[in-house]
Amino acid sequence: MTILAFRGGPRGVGLFVPAAVAAAALGAAAMTVAPPIVVVAGVIAIAGGLAILHDPEWGLLAVAAFTVLRLPDVATDFHGVPSLFTPLVAFVLLAVAVRARATGERPVGGLRALVLFGSFVLTAGSGGSLQALDRASLQSAWTAWLPSHATTPPVVLEDAGLLFVGEQDGMVQAFTLATGGEVWAWQDGSTVSGLASDGRHVYVALASGQVVALDPWSGDEAWRAEMGGALPAGPLTDGSFVLVATEAGEARYLLAETGKEIVEMRLSLGEPIFSAPAPAGGWLFVSSAFGVWAFGPSP
């Protein structure tokens, strides 16, 4: 459930929050007798609404600052009692808290992912932008706006001319490489920890502990597997198997075609894992909370 969404069009109560902030601030000012208060309240209302739409964390901080500082007495009516503006701030903070609890979102900032592909630099920013830059000139070839923050690097399928991005609100979107046009979107209730693809499927690791295989052309769900623990990072695949690591300290192998786990291949570290395993030279390296483990062929 998405309570607020700020890029790509608000959803849920997110559409009404900035307007409610503006209306409450102007309503509080209307109960005063000094005309300058109305002007100041209008400026605060517009600034607060725009700030919330642009960035929820900074926007709410600004609204809270206006309320605490009472610039000038916008948060109270002319009798000195709290106006509607004060409980509204509490409502907005509660809405964001509910959103964070429902989707597992955490504040992020800056550039979240960068991929070099052909003549392009593909970037996914925490502000909700997906952009293709020309490598030579760094001029933008196209820009697409995401409904939420990107949590994964773009995954590219060159032959299909598609790229895929996972997001904080549980959405996976497919875009064309040529123009950045959206092809399809799929959404779950949990933050996307990572993506991988072998051309047949797009494999989605969800923070809640599930791996989902999607059709790369339509976004239809092919299979879903429960891992029994949170997934902190994206999956790996070689076309035959899908490998995922859990915070419970296990590395699990699934059949890429069906999602069935190969139980006899499960690796148990007994320590939390917070990153994706890394294969190299026939070995598998796994970083745990207390060290690095290496698994290789038997001597």
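Assorted remarks:
- Ordering of 263-273, 191-201, 214-224 by packing is 191-201, 214-224, 263-273, highest average first (other Cβ atoms within 10 Å, averaged per residue).
- Ordered by the count of other Cβ atoms within 10 Å of each Cβ, fewest first, T176, T246 give T176, T246.
- Label-to-label distance, S218 versus R266, with points set 7 angstrom from Cα along the beta-carbon direction: 3.3 nm.
- By the count of other C-beta atoms within 10 Å, a proxy for reagent exposure, V43, V156 are ordered fewest to most as V43, V156.
- Relative contact order %, the range 155-249, counting alpha carbon pairs below 8 Å whose residues are six or more apart: 19 percent
- Label positions at R135 and E257, each projected 7 Å from the Cα along the C-beta direction, are separated by 3.6 nm.
Taken together, the values in this text are just the output of simple stated rules run on the coordinates, not laboratory data. Just so we're clear, the structure is a prediction, and the values are computed from it rather than from any experiment. Quick reminder, even Gly has a Cβ in these numbers, built from the backbone with ideal geometry, and neighbours come from all protein chains shown.
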